Amino acid sequence: MNAIKDRYRMNGFHEAEVKIEQEKRDAGEDKTIRMVRFVIDEGPQTMVNSIKFLGNQAFDEARLKKQMLARIKGVGEKGIFVPEILEEDIRAIKSLYHKYGYMDTEIVQEVKQSPDKRSVEITLEIDEKARTLVASVQVIGMTAISGQEAYEALQMREGEPFRKYMMQSDENALSAVISRKGYPHVKVKGEVAISEDKSQARVSYYVDEGLWVKMGHVHYLGNFKTEEKILRR
């Protein structure tokens with residue numbers, strides 16, 4: 001019953017009701033047949049009548065709509081309104097803003113439903129807030145690789161939008177490059193200092209290289225038919 005209601009909900013029937021009627025019948029030999037009937041009241045199907053944006057300056061309406069799964073009914077578009085999909089759309093729009101350095105963007109949704117509940121008008125009010133750019137990137141405590149090698153390993157560069165989620169990938173990238181130089185126990189920790197107006201971010205990566213480890217002798221066991229020089233090669 002719940003599965004049927006969920007199916008209706010994902011197709012725009014938010015007030016669909018499902019009831020179960022049961023009837024027992026004697027089948028003889030101590031057996032009973034249970035007849036089950038699902039009685040469905042579909043209710044109205046709600047469609048998207050319009051999608052509007054307020055407060056957006058960094059991206060135009062067309063760019064924002066590309067992030068959304070919700071669509072206005074038209075050629076090739078069903079235009080079904082599903083609240084869960086709208087929530088996903090809002091998260092997708094926030095991700096777009098985060099990608100371009102808008103860390104604190106807030107989005108407030110307003111959904112106006114028609115009296116017959118067959119259509120909705122969606123308005124998304126966007127407060128973009130400040131855009132944060134990377135003012136500087138420095139790597140501290142590094143001796144195993146050159147500054148150029150470190151720079152090439154990093155994805156977050158000076159002058160680009162600051163994306164906090166990329167610090168983890170840069171930590172991993174630096175660790176991998178330094179580890180290949182014989183420092184398998186290297187640790188890299190990224191920190192960021194945001195200016196008061198949140199327009200600039202100064203990123204620092206602190207490196208603890210750990211001990212340098214060299215390769216020792218490799219022992220082979222069980223190679224009765226294959227010579228050791230072949231295994232080494």
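The values are calculated or read from the model by the stated rules, or taken from the named source; none is laboratory data. From a predicted model like this one, the values you see are computed outputs, not experimental measurements. With ideal geometry, Cβ positions are generated from the backbone for all residues, glycine too; neighbour counts draw on all protein chains shown. Areas reflect the complete protein model, heavy atoms only, side chains present, ligands, DNA and RNA absent. Shrake-Rupley method; radii C 1.70, N 1.55, O 1.52, S 1.80 Å.
Here are a few things to note about the model shown:
- Shape of region 99-233, Cα gyration tensor, a/c cut at 1.5: oblate
- Derived scalar couplings between HN and Hα for region 163-178 equal 10, 4, 5, 7, 5, 4, 5, 5, 4, 5, 5, 4, 4, 5, 5, 5 Hz in order, rounded to whole Hz, by the Karplus curve 6.51 cos²θ - 1.76 cosθ + 1.60 (θ = phi - 60°), x for Gly and Pro.
- Protein accessible area in the chain, 1.4 Å probe - carbon and sulfur %: 48
- Distant-in-sequence amide H partners of VAL82 (H built 1.01 Å from N, under 5 Å): none
- Taking N as its residue count, the alpha carbon Rg of region 158-230 over 2.2 N^0.38 Å: 1.83
- Cα→Cβ-extended label distance, 7 Å offset, between LYS189 and GLU87, nm: 3.6
- Where N is the number of residues in the chain, Cα Rg divided by 2.2 N^0.38 Å: 1.72
- Over the chain: helical MRE at 222 nm, DSSP H runs n ≥ 4 each giving -39500 (n - 2.57), nearest 500: -7000 deg cm²/dmol
- Area accessible to solvent at ASP60, 1.4 Å probe radius, in Å²: 90
- Under the Karplus curve 6.51 cos²θ - 1.76 cosθ + 1.60, θ = phi - 60°, whole-Hz ³J(HN,Hα) for region 21-33, x wherever Gly or Pro sits: 10, 10, 9, 9, 10, 7, 9, x, 6, 6, 10, 10, 9
- Å² of accessible area per residue within the chain, as computed with a 1.4 Å probe and no ligands counted: 68
- Gaussian network model of the chain, Cα within-10 Å springs - most flexible of PHE59, PHE162, PHE38: PHE38
- GLN113-ILE20 FRET efficiency (beta carbon distance; Förster radius 35 Å; 0.05 resolution): 0.75
- Region 1-64, relative contact order [Cα under 8 Å, separation at least 6], %: 30
- Mean-square fluctuations from a GNM of the chain, with a 10 angstrom spring cutoff on Cα atoms, peak among ILE145, ILE90, ILE122 at ILE145.
- Classified by the C-alpha gyration tensor, region 1-92 has a prolate form. Its axis ratio a/c, with a ≥ b ≥ c, is 1.5 or above, and a/b is larger than b/c.
- Near the amide H of VAL139, within less than 5 Å, lie the amide hydrogens of TYR205, all on another chain or at least 5 residues away, with H placed in the peptide plane.
- ³J(HN,Hα), Karplus 6.51/-1.76/1.60, whole Hz, each residue of region 133-143, x for Gly, Pro: 10, 7, 7, 7, 9, 9, 10, 10, x, 9, 10
- Relative contact order of the chain, taken over Cα pairs closer than 8 Å and 6 or more residues apart, is 14 percent.
- LYS94 contributes an accessible area of around 70 Å² to the protein surface, as traced by a 1.4 Å probe with all chains present.
- Only beta bridges with both residues in the chain are counted; by DSSP, about 70 percent of them are antiparallel.
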